[in-house]
Amino acid sequence: MSEMWINMGPQHPMTHGLWNLRVRVDGEVVLDVDPEMGYLHRGIEKISEDRHYNEVVTLMDRTCYVAGLAWEHLFITAAERALHIEPPERAVWIRMMTEEFQRIGSHIMWYAAFVQDIGLMSPFLYGMRDRDLILDLFQSYTGARLTYEYNRVGGTRNDLPSGFTDRARKVCDWLEDRFREYDTLCLASDIFHKRCDGLGRLKASDCVRLGVTGPMIRSAGLKRDLRKDRPYHAYDQVQFDVAVAEGADVTARYLVRMEEMRQSLRILRQCFDWLDRHPGPVVAENLPRWLGAPYAPVGREGYLLKRNYPKGVGFSAVEEPHGEALAYIVNEGGEHPYRVKLKSPVFTNISAARHYLVGYRVADIPPIMGSVDVCIGEVDR
Amino acid sequence: MDEKAATERLRSQLSTRFPAGILAVEPFPGTLGRVRFDPALALDLFRELRDVHGFTHLGMVAGIDWVQEREVVYTLWSDERRVYLFLSTLLPADRARIESATAIWPSADWHERETWELVDIQFDHHPDLRHLLLPTGYQFHPLLRSFKLHEPEDLEVKVRNV
Amino acid sequence: MSPITLYSVSNGLVSWVLHALYNVFPHPWFDWLVNGDLILVLSVLVFGAILLAASMVNTIMLIWWERKLLGRFMDRRGAMHVGYAGLLQNFADGFKLFSKNTYRPAEADPIGFYAAPTAYMVTSLFIFAILPASTGWTAGALPLSLLLALVVFSFAPLFIFISAWSQANKYSLIGGMRSAAQMIAYEVPILLAVVAVVIVAGTFDLNAIVQMQQNYWFWIPLFFAMIVFTTGMLAEMERIPFDLPEAEAELVEGWNTEYGGMLFAFFMFTDYLRSLIGSFLVVLLFLGGWTMPSWVPSPLTTFPLAGLAWFLVKTYAVFGVFVWIRASLPRVRTDQLLRIGWMRMVPLALFSIILAAALVLVKCLPVLGCLPPVGG
């Protein structure tokens, strides 16, 4: 068969999101790759310039819908720095606990989709069942399973319900057993290793050069994790290890994410202990009046509503489940942000596709792209 | 404290290396600082920062429209020093061109494509400057201040079908 | 054995109906009703119709069994609402497909497009006339029934290839070629495993093969041949772990992309039909067909249709193992699949042929001591 360009997408069960992976193949072998993004571009950054800070939180849920709360934290931390507001400590620990639960939820979602792609059908449903436990916990204090809108500038919307930490501890114990079962289904399977070992190699120097972050760079042996390197929230007050693997292939990324889930359980248990011992407010005191009213009237003219609020620039970097996410917010003293710039880890990970897809077969693309853990909402914004 | 001292040290090092072109090195809480530089200095500054100061990772490239001028913001990360550094440059709105950073950091590729299509900043010597998130042939640059979200009804939008 | 065969049942039914009709008008003008030719023709047709109905209903029940069992493996219940416990679900699905329009793409070859799935299904249905499900199930003696069944079974890759080509879609063509290559590659180990069985049994007649398993079933001496045969059948049925040609996530498209409506139903149905045939063959060749061990109390094995019932129980159990495999294993890539076929299955099959030949020569099992000879 001569060379031809094949479209994998935009409607394709493998792609996990709306994008088009154009692949130039010669028979079975991949010669070149050209990802086409933008099918899910909703103009979130532009819309944010027209919205109140607390209203932008709604949009952040929808950037990465699998890990919505992590993106809320990203935006809210940057917004708080831009507006010179400090959240109370309990809010910070609740955010950290939420982010670790979100990490486990996102990784379970990754696991379910990844094994489904290589043909294991049952763990997809086991993963969904277990992720439902986490979503039930979320629902108990944020009120929603997917679009949470839980964070506000200055803290969170409400405190945890009573008895939450007991239920959460039970969920963590259950999940610990489940992770062992997931490993048995995959690592003990010869076929899994035949499909995944040695695939999609992206060695550490290439990762650094191409800006790849997250489990992909940790699977290449480089120990880069923003929670340890530049601690935010309260990560410097909890003990955990960074999951690193050698090999830089699909199996290594699998191992890294499974280990990250276990470390998240460790962090969570420390969070529960702290939260039990330290009751307190979850919203900062002395918030400016206009921040407390999310439905303040919006002027029709122009983008700068002069409110004489001190200007500022806010930057936050978060170790999102997919990698390093950045937010840069310019505040020109108005109710709306002047510019919201978000950077998604999957954006850079997909841009490096040429380096880890070329030379493999077409049938290898689903395991490799599955190990990259694609979430298009945050790429396109 | 430590952050301010580090920023000061960086300022002195960069000013010695580039007598002209470094407009300011300001403190930026949580990072090593923000370097305001002249656009003509771009590639040399990038190379210096990557090779000498160890900023091997380009986090993001952001474009901001200030109506009269446009700002390009680079975010760098150093693994050894574990710290972020911001670079910022102002370009005149009628001639918004700057050298592409892909020669130094290949990861700038998609970031610069997105910055061009949203804020209309040309990156010279970029290998493949075309639309990324917007449809091919889209003739607007949406994140400019002149692109208003609430359009008058008589505006005609032409988008080429691919 | 028993004088009641399926053919005699249909013959009796037809002649009873025709004689009753003749008794209504006993006139020499209607002699042709009962003079034998019409009875012969009609009883053959009724025989065929009973076989067709039985095989089709069994296939649909097989789909139900798979859906429910697969669901339980996945911690869910499968189809629940249509009929009691979802028994009528697949009839409803078939009816839905039946009621859809069938479109042919303009560039598709008209003859190949329609003829290939039809031929695919018809030849697979034909095999049910040859496979015995119980004593007396077939009409008369077929000394080469096993050979005929395997030959017709292996027509399938040809029809898949014709349909893939006639769709005028390069991705379907790739998928069809891949699928045909997989099926043809696994014919060889299957046939070699069957050779081992034939060496031990000494005949190609499926009835005789089953009767020879009175004392103990063939999976005991021919364990490796059973492994090879079962693995080969999994590849022939295109089930996980060998279902790459139809795995949607891997391919851009599969080999039945351009088909919709009833033609697609033909393909889906024939896939399960071939799964049923594969399970039948495993039970007939290795698990004793309809015979049961002597320690099963005789009332359970001598009531009419006992053999048929036990045969179906065994078939569904074998298919249940296939479903279990589907629920637990990932899929293998095409080149790895072919490597397994040629590098692992064929040597194992050759080894079991040698073992079978040694068995026939020596006529006793060294491990278990000298058992009574096979057959009786």
For the stretch B:44-146, give me every one of the strands (runs of 3 or more DSSP E) that falls completely inside it and has 2 or more residues that are surrounded by 22 or more Cβ atoms within 10 Å (Cβ to Cβ).
B:57-65, B:69-78, B:83-92
Can you tell me which of C:L52, C:L69, C:L45 is within 14 Å of chain A (Cβ to nearest Cβ), aliphatic (A, V, I, L, M) and within 23 Å of the chain's Cα centre (by Cα)?
C:L69
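Select from the stretch A:203-224 the residues that are outside any helix (DSSP H, G or I) and buried (at least 24 other Cβ atoms within 10 Å of the Cβ) and write down the one among them that is nearest to the other protein chains (Cβ to nearest Cβ). Lay out the reasoning, then the answer.
Step one: filter the stretch A:203-224 for residues outside any helix (DSSP H, G or I), giving A:203, A:211-214, A:219-224.
Of the ones still in play, those that are also buried (at least 24 other Cβ atoms within 10 Å of the Cβ) are A:211-214, A:219-220.
Details: A:G211: 3, A:V212: 8, A:T213: 8, A:G214: 12, A:S219: 16, A:A220: 13 Å.
Among those residues, the one meeting the criterion is A:G211.
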So which of B:T7, B:T75, B:T89 ends up being within 30 Å of A:C207 (Cβ to Cβ) and at pLDDT below 90?
B:T7
Inside the stretch A:119-163, can you point out the residues that are charged (D, E, K, R) and within 14 Å of another protein chain (Cβ to nearest Cβ)?
A:R129, A:D130, A:R131, A:D132
Within the stretch A:185-200, does at least one residue satisfy the condition of being more than 14 Å from chain B (Cβ to nearest Cβ) and within 20 Å of the chain's Cα centre (by Cα)?
no
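Within the stretch C:12-31, is even one residue outside the structural domain of C:I130 (by TED's automatic domain parsing), over 26 Å from C:L305 (Cβ atoms) and within 20 Å of the chain's Cα centre (by Cα)? Walk me through it before giving the result.
The first filter runs over the stretch C:12-31 and keeps only residues outside the structural domain of C:I130 (by TED's automatic domain parsing), leaving C:12-31.
If we keep only those that are over 26 Å from C:L305 (Cβ atoms) too, we end up with C:21-31.
Then drop every residue that is not within 20 Å of the chain's Cα centre (by Cα), which leaves none.
So far as the stretch C:12-31 goes, no, none of its residues is outside the structural domain of C:I130 (by TED's automatic domain parsing), over 26 Å from C:L305 (Cβ atoms) and within 20 Å of the chain's Cα centre (by Cα).
Here is a yes/no grid of residues against (1) at pLDDT below 90; (2) touching a helix residue (DSSP H, G or I) at 6+ places or on another chain (Cβ under 6 Å); (3) not basic (K, R):
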| residue | (1), (2), (3) |
| --- | --- |
| A:F272 | no, yes, yes |
| A:R277 | no, no, no |
| A:A284 | yes, no, yes |
| A:G292 | yes, no, yes |
| A:A296 | yes, yes, yes |
| A:R300 | yes, no, no |
| A:P310 | yes, no, yes |
| A:H322 | no, yes, yes |
| A:Y328 | no, no, yes |
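In this structure, is C:A92 within 25 Å of the chain's Cα centre (by Cα), in a loop (DSSP other than H, G, I, E, B), outside the structural domain of C:R239 (by TED's automatic domain parsing) and of a type in the set (A, V, I, L, M)?
Values: within 25 Å of the chain's Cα centre (by Cα): yes; in a loop (DSSP other than H, G, I, E, B): no; outside the structural domain of C:R239 (by TED's automatic domain parsing): yes; of a type in the set (A, V, I, L, M): yes.
No, not satisfied.
C:Y171 - would you say it is more than 23 Å from the chain's Cα centre (by Cα), buried (at least 17 other Cβ atoms within 10 Å of the Cβ) and not small (G, A, S)? Before the answer, list the steps.
Values: more than 23 Å from the chain's Cα centre (by Cα): yes; buried (at least 17 other Cβ atoms within 10 Å of the Cβ): yes; not small (G, A, S): yes.
It is true that C:Y171 is more than 23 Å from the chain's Cα centre (by Cα), buried (at least 17 other Cβ atoms within 10 Å of the Cβ) and not small (G, A, S).
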Out of the helices (runs of 4 or more DSSP H) lying entirely within the stretch C:145-246, which hold 2 or more residues that are in contact with a Lys or Arg (Cβ under 6 Å, 6 or more places away or on another chain) and not polar (S, T, N, Q)?
none
What is the number of the single condition among (1) without any contact (Cβ under 8 Å) to a residue 12 or more places away in the chain; (2) under 30 Å from C:W290 (Cα atoms); (3) of a type in the set (A, V, I, L, M, F, W, C); (4) in contact with a Phe, Trp or Tyr (Cβ under 9 Å, 6 or more places away or on another chain) that C:F30 does not meet?
(2)
Would you please name the residue that is farthest from C:R72 (Cα to Cα), looking only at residues in the stretch A:86-118 that are within 14 Å of another protein chain (Cβ to nearest Cβ) and touching a residue at least 24 places away in the same chain (Cβ under 8 Å)?
A:E86
Looking at the stretch C:44-58, is at least one residue of a type outside the set (S, T, Y) and in a loop (DSSP other than H, G, I, E, B)?
no
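Residues to consider are B:L87, B:L45, B:L58, B:L49; find the one that is within 30 Å of A:K46 (Cα to Cα) and more than 10 Å from chain A (Cβ to nearest Cβ). Lay out the reasoning, then the answer.
Details: B:L45 fails: within 30 Å of A:K46 (Cα to Cα); B:L58 fails: more than 10 Å from chain A (Cβ to nearest Cβ); B:L49 fails: within 30 Å of A:K46 (Cα to Cα).
Answer to the selection: B:L87.
Residues checked against (1) at pLDDT 90 or above; (2) closer than 20 Å to A:V212 by Cα:
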{"position": "A:E332", "(1), (2)": "no, no"}
{"position": "A:R339", "(1), (2)": "yes, no"}
{"position": "A:K343", "(1), (2)": "yes, yes"}
{"position": "A:T348", "(1), (2)": "yes, yes"}
{"position": "A:S351", "(1), (2)": "yes, yes"}
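Name the residues in the stretch A:225-239 that are touching a residue at least 40 places away in the same chain (Cβ under 8 Å) and more than 10 Å from chain B (Cβ to nearest Cβ), would you? Break it down into steps so the answer makes sense when it comes.
Kept after step one, since they are touching a residue at least 40 places away in the same chain (Cβ under 8 Å), are these residues of the stretch A:225-239: A:225-227, A:230, A:232-235, A:238.
Answer for the stretch A:225-239, where residues must be touching a residue at least 40 places away in the same chain (Cβ under 8 Å) and more than 10 Å from chain B (Cβ to nearest Cβ): A:D225, A:R227, A:H233, A:A234, A:Y235, A:V238.
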Identify all residues within the stretch A:21-39 that are out of contact with any Lys or Arg (no Cβ under 8 Å at 6 or more places or on another chain), on the phi < 0 side of the Ramachandran plot and either surrounded by fewer than 16 Cβ atoms within 10 Å (Cβ to Cβ) or within 11 Å of chain B (Cβ to nearest Cβ) (or both); write none if there are none.
A:R22, A:R24, A:D26, A:M37, A:Y39
When you scan the stretch C:83-119, how many residues do you find that are crowded, with 16+ Cβ neighbours inside 10 Å, more than 21 Å from C:K170 (Cα to Cα) and not polar (S, T, N, Q)?
6
Can you tell me how many residues within the stretch A:346-363 are within 8 Å of another protein chain (Cβ to nearest Cβ), of a type outside the set (V, I, T) and under 18 Å from A:W19 (Cβ atoms)?
3
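What number of residues within the stretch A:14-33 are in contact (Cβ under 8 Å) with a residue 40 or more places away in the chain and not hydrophobic (A, V, I, L, M, F, W, C)? Give the derivation first.
Applying the first criterion (in contact (Cβ under 8 Å) with a residue 40 or more places away in the chain) to the stretch A:14-33 yields A:14-19, A:21, A:23, A:25, A:28-33.
From the residues that got through so far, the ones that are not hydrophobic (A, V, I, L, M, F, W, C) too are A:15-17, A:28, A:32.
Residues that pass the stated criteria total 5.
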Does A:H12 count as within 13 Å of another protein chain (Cβ to nearest Cβ), modelled with pLDDT under 85, more than 22 Å from the chain's Cα centre (by Cα) and under 20 Å from A:Y356 (Cβ atoms)?
yes
For the stretch C:238-266, how many residues are buried (at least 21 other Cβ atoms within 10 Å of the Cβ) and at pLDDT 85 or above?
3
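The values are calculated or read from the model by the stated rules, or taken from the named source; none is laboratory data. This structure is a prediction, so every number in the text was calculated from the model and none was measured. So basically every Cβ, Gly included, is an ideal-geometry build from the backbone, and we count neighbours across all protein chains shown.
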